[in-house]
Structure formats: structure tokens, C-alpha cells
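Report on the following structure.
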Amino acid sequence: MSILIVYDSIFGNTAQIARAMADALTSSHEVKLASVQEARDIDLSGVDLLIVGSPTRGFRPTPEIQEFASRPDLSGRAAAFDTRIDLDTIHPAPLRWVVSAGGYAAERLSGELRDQGCTLVGEPAGFVVLGQEGPLKDGEAERAAAWARDLVAAPPTS
Ligand SMILES: Cc1cc2nc3c(=O)[nH]c(=O)nc-3n(C[C@H](O)[C@H](O)[C@H](O)COP(=O)(O)O)c2cc1C
């Protein structure tokens, strides 16, 4: 299977998650990993599975990855993930509710990919960073690798 992973990342955590996914898939698939800047003019023909990831900023994806996810030439199987702040580190408690209720980048990216005609596979996933700049919470890179492996075998969800 030809798999393209496109990500944006300000502090490097989403890039680490994307790399963990690529490493997990590369032994059995043809995997290309591209930052959103590298992916700007990328040829999407022949891609069997597109995985798109963004940090959650202000409840949504970055404008750059949002722009990528609204490319008119997207099609085929796709999935989205994000990184997000650890709710346990947010004080005071009511602010936790605001952050959680505001929503996350992966859900919005999934909606955009579906609107562009992609067939979603798996469920959108969020991976947790400690504080705003990271590092990743323990075990999140491994969880990302497992999520990516499951995607390859997942039936369509839309
Ligand atoms: C300006 C700003 C807004 C943020 N907004 C949210 C948010 O709405 N929800 C959330 O869970 N995390 C939020 N975060 C934390 C980011 O998700 C975190 O910085 C990001 O996952 C780190 O990924 P990166 O290292 O790839 O940039 C925000 C961080 C910044 C700096």
C-alpha cells in the first residue's frame, strides 16, 4: 500500500508522532512522510491512504494543514490525528471543560477530508503532550504506531 503522512508541527511533537507512524508502517508499505510545507505541491495520485496530522491550536488545526486538507485533488482513504494538551495539567478545573468542549483538530480535519470526498478510515485520534510545547506524554508514540497499524486494516467509517 502507498501511504502518505502529512503533518504540521510548531514545537516538534506532531512531527514525532508522524515519524512514529511512518516507522511502524515502513517495513510492510511504501511510506512517504512530508511536512505540510513539503506537501504543498505533492502529487497525490497513487496514494492509497492519506494520514493528516496537526497540533490542536485554538480548538482547530493550523491554517496550513487546514489548507492542505481542503485541496480539491484529495480522494481515496484518509484519516486524521492531532496532538493536544494534557487536560490534567490545566488549572483551574473549569478551564479543562472549556478546552475539552472546544473540540480538537483531528475531528475538524476528518470533517474536511470527508467533505473533499475522501473515505474516512478508523477514528480520529488525539495524542497528548505535556504543557504547550511538549514533550509527548509517555507511551504516546507507541500508541500512535499502533493506531497507524490498525488504520491499514480498518474498514471505511464514512
Ligand atoms: C496558541 C496555542 C493554542 C493552543 N490551543 C489548544 C487547544 O485548543 N486545545 C488543546 O488541547 N491544546 C492546545 N494547545 C496545545 C497544543 O496542542 C500543543 O502546543 C501542540 O500539541 C504541540 O504540537 P507541536 O509540537 O507539533 O507544535 C495550544 C497551544 C498553543 C501554543
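The values are calculated or read from the model by the stated rules, or taken from the named source; none is laboratory data. All of these numbers come straight from a predicted model, not from anything done at the bench. Methodologically, a virtual Cβ is constructed for each residue, glycine included, from the backbone with ideal geometry; neighbour enumeration extends over all protein chains shown.
For this structure, a couple of remarks:
- Listed by first and then second residue, the pairs linking a residue in the stretch 111-128 that is over 14 Å from PHE81 (Cβ atoms) to a residue that is part of a strand (DSSP E or B), with Cβ atoms under 8 Å apart and 6 or more places separating them unless they lie on different chains, are ARG114/LEU120; CYS118/LEU50; CYS118/ARG77; CYS118/ALA78; THR119/ARG77; THR119/ALA78; THR119/PRO156.
- GLY12 meets each of the listed conditions (1) within 15 Å of the ligand (Cβ to nearest atom); (2) on the phi < 0 side of the Ramachandran plot apart from (2).
- Residue in the stretch 93-106 that is away from the ligand (no atom under 16 Å from the Cβ), at pLDDT 95 or above and within 22 Å of SER9 (Cα to Cα) present: no
- Some residue of the stretch 129-147 being polar (S, T, N, Q), within 17 Å of SER9 (Cα to Cα), touching a Phe, Trp or Tyr at 6+ places or on another chain (Cβ under 9 Å) and surrounded by fewer than 18 Cβ atoms within 10 Å (Cβ to Cβ): yes
- In the stretch 15-44, the residue that is surrounded by the most Cβ atoms within 10 Å (Cβ to Cβ) out of those that are within 16 Å of the ligand (Cβ to nearest atom) and not aliphatic (A, V, I, L, M) is GLN16.
- Complete set of residues in the stretch 49-83 that are more than 15 Å from the ligand (Cβ to nearest atom), in a loop (DSSP other than H, G, I, E, B) and either over 20 Å from VAL31 (Cβ atoms) or out of contact with any helix residue (DSSP H, G or I) (no Cβ under 9 Å at 6 or more places or on another chain) (or both): SER70, ARG71, PRO72, ASP73, SER75, GLY76
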